[in-house]
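What follows is a short report on a single structure.
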Amino acid sequence: MEVGSLISLAAELMEWAGVGSMVLGAVLALVLLMTQERLPSGEAYRRFRLNLGRAILLGLEFLVAADIIRTVSQRPTLNGVLVLGLIVLIRTFLSFTLTVELEGRWPWQHRDDVAGPIHPPPSSHPPQRPPPAPDAPRPVKH
């Protein structure tokens, strides 16, 4: 096999992997939604959306890689490079906005730097501390 045909095959496989990961991820997200124990509707929707978003992000990564492989394998033209740049720019923007929407942080931020997700799971009541006893000793400041 010729090198050019191997590279084209690799790009096509990456495209199939991208589409496949999105489709399989969507099916898996639906299956998880229907088989999970009874959750409040808001929490079930949040989990479904998170799983679906992760599948889309993974698929976008594969598709960007396929576009890069395909462009590198061809004779570079200004038009081809501009189209690739536009495609990568759009897909990168989509990836960033999906990450912010799903995880509440920029892709380059560590998870520890963020207080929590944008849409925290609902809780019944926040934990409260009991009031101090009236005759309890108070700490002494030096």
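What follows draws every value from the coordinates through simple rules; no lab data is involved. The structure presented is a predicted model; accordingly, all values stated were derived computationally and were not measured. Here the Cβ is made from the backbone with ideal geometry for all residues, glycine too, and neighbour counts use every protein chain on show.
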Taking square-rooted eigenvalues a ≥ b ≥ c of the alpha carbon gyration tensor, is the stretch 3-108 rounded, prolate or oblate, where a/c under 1.5 means rounded and, failing that, a/b exceeding b/c means prolate? oblate
Most packed first (mean Cβ within 10 Å per residue), the peptides 65-74, 22-31 order as 65-74, 22-31
At a 10 angstrom cut-off on C-beta neighbours, averaged per residue, how do the peptides 94-100, 13-19 rank from highest to lowest? 13-19, 94-100
